[in-house]
Amino acid sequence: MACRAAISLPSLCLARTLKPSASASGRISSGSAPPSKPYRPLRHLLLAPSRFRFLPPSFSHFRPSSRACPASPVAAMSSSSSYQKELAAAKKAASLAARLCQTVQKAILKSDVHSKADKSPVTVADYGSQAIVSLVLNKELPSESFSLVAEEDSADLQKDDAQETLERITALVNDTLSSEYNTVVSDKDVLAAIDSGKSEGGPHGRHWVLDPIDGTKGFLRGDQYAIALALLDEGKVVLGVLACPNLPLTSIANVDAHYSENQIGCLLYATTGEGAYLQSLNDSSTVKINVSTVDNPADASFFESYEAAHSLHDLSKAIAEKLGVQAPPVRIDSQAKYGALARGDGAIYLRFPHKGYREKIWDHAAGSIVVTEAGGIATDAAGNHLDFSKGRHLDLDTGIIVTNKKLMPALLNAVQESIKAQSASHL
Ligand SMILES: Nc1ncnc2c1ncn2[C@@H]1O[C@H](COP(=O)(O)O)[C@@H](O)[C@H]1OP(=O)(O)O
Ligand SMILES: [Mg+2]
């Protein structure tokens with residue numbers, strides 16, 4: 001059975017234009033960021049926990065059904081890939097997690113939003129997505145030792161006042177898994193699955209790396225987000241999957257394009273040395289993707305964060321001007337930016353967090369391999385390759401820049417000159 005189609009919030013029209021003046025929903029913004037869409041709780045759509053039976057199951061009863069997910073065999077890839085089994089499992093896990101997220105995005109409850117110390121919103125979908133990925137990877141790869149470096153932990157869910165939320169998450173997880181597996185997991189299973197993500201990663205062995213919802217703010221707005229899953233082997237990213245339920249299947253470079261529901265929902269993936277691929281979240285048709293071949297910055301367009309709090313828009317503007325980029329920035333949330341760049345929708349991605357922000361490996365691992373396997377390069381602002389072997393954080397200089405090989409020298413130059421000019425002006 002094919003996984004369900006990507007469906008966005010009913011209050012937001014999926015058919016939209018990317019014109020700077022017509023980006024009110026903020027899904028993909030060209031130019032200045034418009035105000036956020038008012039939040040609309042859709043309580044009635046949330047699945048009631050009471051609809052689900054809570055049998056006393058354990059992981060040992062977790063059995064796959066014969067039904068398949070779109071994370072099906074990769075026709076376009078060579079059969080020699082050494083990570084095929086892991087790729088199939090990762091695609092299945094990310095697709096199912098995306099399905100859960102789509103359900104919640106349709107039915108999001110204000111009361112499901114918690115607050116973390118860093119004030120970023122955490123929803124039942126974050127937890128549910130992380131639980132699904134952990135459960136599915138364990139089920140699909142039972143013989144492998146399992147290490148997961150993931151964003152969420154269950155501390156808040158273990159509190160007495162979180163019992164109802166936990167039950168809702170367990171219900172969503174069971175509902176989502178029921179299309180693929182003959183099993184019912186318990187609250188305890190869900191907590192254990194979430195907490196399997198506490199690994200520190202590092203340079204040795206294999207570690208899965210997960211952002212269960214990358215771009216939480218976009219998710220809450222009804223815009224772009226991604227389920228980002230990667231595999232590290234001896235400190236190197238060897239596999240990456242990006243499930244982007246709201247990303248159009250065709251290029252977002254065409255600012256006049258309109259998209260209907262069945263034209264959105266992407267699964268982008270790559271394994272080391274095998275290229276990068278795009279599949280619809282709704283079916284298994286697969287295409288190989290490549291970064292843009294643009295070599296003249298005047299013809300390039302660039303991506304950056306939708307949220308000004310996540311990346312310095314002024315610095316990106318200065319870099320673009322120095323390079324001679326003509327087009328306004330395309331602002332979208334999450335690693336969907338890496339996915340869009342990997343298929344050539346734009347040629348440059350600039351990310352410059354505010355001082356003091358430490359990048360997490362799950363925010364870049366999957367995206368970076370999808371881009372590099374599509375022929376691009378991702379480095380820090382000093383031109384160093386991203387090093388995912390240092391634990392849960394990336395240890396890097398200033399920011400992250402991503403582009404194709406032809407543009408990288410000029411981009412790096414413009415980045416370094418702009419940073420120098422900015423520092424001088426702050427003296
Ligand atoms: N203050 C911050 N500065 C930069 N990035 C942030 C900040 N807070 C959260 N993020 C993370 O940045 C990533 C997305 O950024 P963007 O959409 O701008 O590319 C997300 O992983 C988001 O976390 P999260 O995954 O919890 O949403
Ligand atoms: Mg993230």
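Here, each number is a calculation from the coordinates, and none is a lab measurement. The shown structure was predicted, so the numbers you read here are calculated from the model rather than taken from an experiment. When we count neighbours, we look across all protein chains shown, and the Cβ atoms used for this are built from the backbone with ideal geometry, even at glycine.
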- Compactness of the range 202-333, expressed as Rg and Dmax over alpha-carbon positions, Å: 16.5, 47
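Quote the FRET efficiency, to the nearest 0.05, computed for GLU321 versus ALA382 with a Förster distance R0 of 25 Å and r equal to the Cβ-Cβ distance.
On the way: r = 21 Å, r/R0 = 0.84.
Efficiency computed from Cβ-Cβ geometry: 0.75.
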- Per the C-alpha gyration tensor (a ≥ b ≥ c, the square roots of its eigenvalues), the range 297-425 is rounded if a/c is under 1.5, else prolate if a/b beats b/c, else oblate; here it's rounded
- Message: Using 27 Å as the Cα-Cα cut-off, could you pick out the over-long pairs in LYS217/LYS360; LYS92/LYS288; LYS236/LYS322; LYS355/LYS406; LYS217/LYS317; LYS288/LYS355?
- Response: LYS236/LYS322; LYS355/LYS406; LYS288/LYS355
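Beyond 22 Å, what percent of the Cα pairs of the range 121-274 remain?
Details: 5524 of 11781 pairs.
The share of Cα pairs beyond 22 Å in the range 121-274 comes to 47 percent.
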- Item | Separation between Cα centres of the range 201-248 and the range 300-329, rounded to whole Å | 23 Å
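Order these peptides, 281-287, 261-267, 351-357, 333-339, by their mean beta-carbon neighbour count within 10 angstrom, highest first. Write out the running numbers ahead of the final one.
Working: 281-287: 17.4, 261-267: 21.4, 351-357: 14.3, 333-339: 30.4.
Output ranking for 281-287, 261-267, 351-357, 333-339: 333-339, 261-267, 281-287, 351-357.
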- Message: Can you give me the distance in nm between label points at ASP156 and GLU234, each placed 7 Å from the Cα along the Cα-to-Cβ direction?
- Response: 3.9 nm
- Additional length obtainable on full extension of the chain from HIS393 to ALA308, 0.36 nm per residue less Cα span: 28.5 nm
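Return the FRET efficiency for the residue pair SER178, THR250: r is the Cβ-Cβ distance, R0 is 41 Å, and the value is rounded to the nearest 0.05.
On the way: r = 32 Å, r/R0 = 0.78.
The computed FRET efficiency comes out at 0.80.
Using only the Cα atoms of the range 314-363, construct the convex hull and provide its projected area averaged over every direction, in square nanometres to one decimal.
Details: hull surface 16.7 nm².
Mean shadow area of the hull around the Cα atoms is 4.2 nm².
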- Item | Charged-residue dipole, Cβ positions (Lys, Arg, Asp, Glu), the range 233-298 about Cα centre, Debye nearest 20 | 20 debye
